[in-house]
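Contents: one structure, followed by commentary.
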Amino acid sequence: MNFKRTLLCIISGFMFFAHMAAAQSKENDIKPSVSIKFYDRTMYYPGDAEINPVYVYITVSNPSNETMRFKVADDKMFSVDFIGFNVKKTQLPSTQSLIRKRTTNPTVYFREITLEPGEEYSFRENLKNYLEIKDPSIYYVELRFYPELYRNKEYYIASNRLSLEVRPSPSAAASSSIPVEAKSAVVLQAEDISPDKVIEQTIIARQKSLWDQFFLYMDLEEMLKRDPARSRKYNTSSADERIDMLRAFRADLMLQRIDSDIVAIPARFYIETTTYSQTEGTVKVLEWFKNDKFMERKRYTYYVRQRDGIWQIYDYTVDNLGTE
């Protein structure tokens, strides 16, 4: 009888520990789901994190049927990390401030977050505080979330991947491509003039075959991307390849190999209407083109956008109005 009682106790003990182990294993299997998206998406440029931040909205959710708990540091650099690659699959380096912060053994203050089934916890972080983004290009970024903080960095949850397009800095682009008038060697500077004046000067420059002045108020990058095939190729190219594509695009326009409407020379023109807000505008222009025995009339609608106080042409449409 004692033997049976002892055996029963042993079996009960095994069952109890097995139950505890199963419960612990189940708890360990419960993992949060992490997703990221751009917060208030805008145009992104290289450089300073404060002047041109890349804000990312981070959401940690509980997709399970059980209560979930994890730690979140007051300084989110000890809870998350961004991993980024360029189109050549070269990984972006971490910022020096991030490296210093994680290697000085600071005291990390944190909170324990409890999420019930279906609940979410969200916050916003500036990607540029984590990754060095010095060049214009297409980047692919994802986030790693550390439920037990960065000190246990081997245990992390990976998010979805975002595609980040970083454009050439407007000021840098302007300084590197300011045209020079050949006869006088005077540097041409774009001026803070109204959208209708921008269009007027651009058309007159084309009538006089002054290419530098013609391109002065034109966003060549956006004009190139009007064509879907060119846009796809441009978006997947490296920074150097993009520069070459823009040079070739400009040369093709000057030779009238492509987009013949924008480089066509009108015999005369008349600005019909100009409408614009603080950042966007449209200018409608009637233009006459001389043929052998008649005049062809067209309505051009130029779309302009303000960048750094300068209006630039980024798109256009053409309506044929017949002949005279």
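Derivation of every value follows stated rules applied to the coordinates shown; laboratory data play no part. All of these numbers come straight from a predicted model, not from anything done at the bench. Here Cβ is always computed from backbone atoms with ideal geometry, including for glycine, and neighbour counts include all displayed protein chains.
Summary of values
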{"item": "Per DSSP, loop trypsin sites (Lys or Arg not before Pro) in region 73-103 with at most 16 further Cβ within 10 Å", "result": "Lys88, Lys89"}
{"item": "Long-range Cα-Cα pairs in region 56-100 (distance over 15 Å), rounded percent", "result": "63 percent"}
{"item": "Scaled radius of gyration (Cα, divided by 2.2 N^0.38 Å) that region 72-162 gives", "result": "1.16"}
{"item": "Bins of 5 Å from zero: percent of alpha-carbon pairs in region 194-258", "result": "4, 16, 24, 23, 16, 11, 6, 0"}
{"item": "Convex hull volume per residue for region 268-324, taking Cα atoms only, in Å³", "result": "79 Å³"}
{"item": "Computed label-point distance, nm, for sites Ala229 and Glu148 using a 7 Å Cα→Cβ extension", "result": "5.5 nm"}
{"item": "Sites matching trypsin sites (Lys or Arg not before Pro) across region 192-245 that sit in DSSP coil, with at most 16 neighbouring C-beta atoms within 10 Å", "result": "Lys208, Arg226"}
{"item": "Compactness of region 193-324 as Cα Rg over 2.2 N^0.38 Å, two decimals", "result": "1.08"}
{"item": "Members of Lys37/Lys88; Lys128/Lys233; Lys197/Lys293; Lys197/Lys284; Lys88/Lys233 lying beyond 20 Å, as alpha-carbon distances in this model show", "result": "Lys37/Lys88; Lys128/Lys233; Lys197/Lys293"}
{"item": "Of the chymotrypsin sites (Phe, Trp or Tyr not before Pro) in region 263-306, those whose Cβ has at most 12 other Cβ within 10 Å and which sit in DSSP loop", "result": "Phe294"}
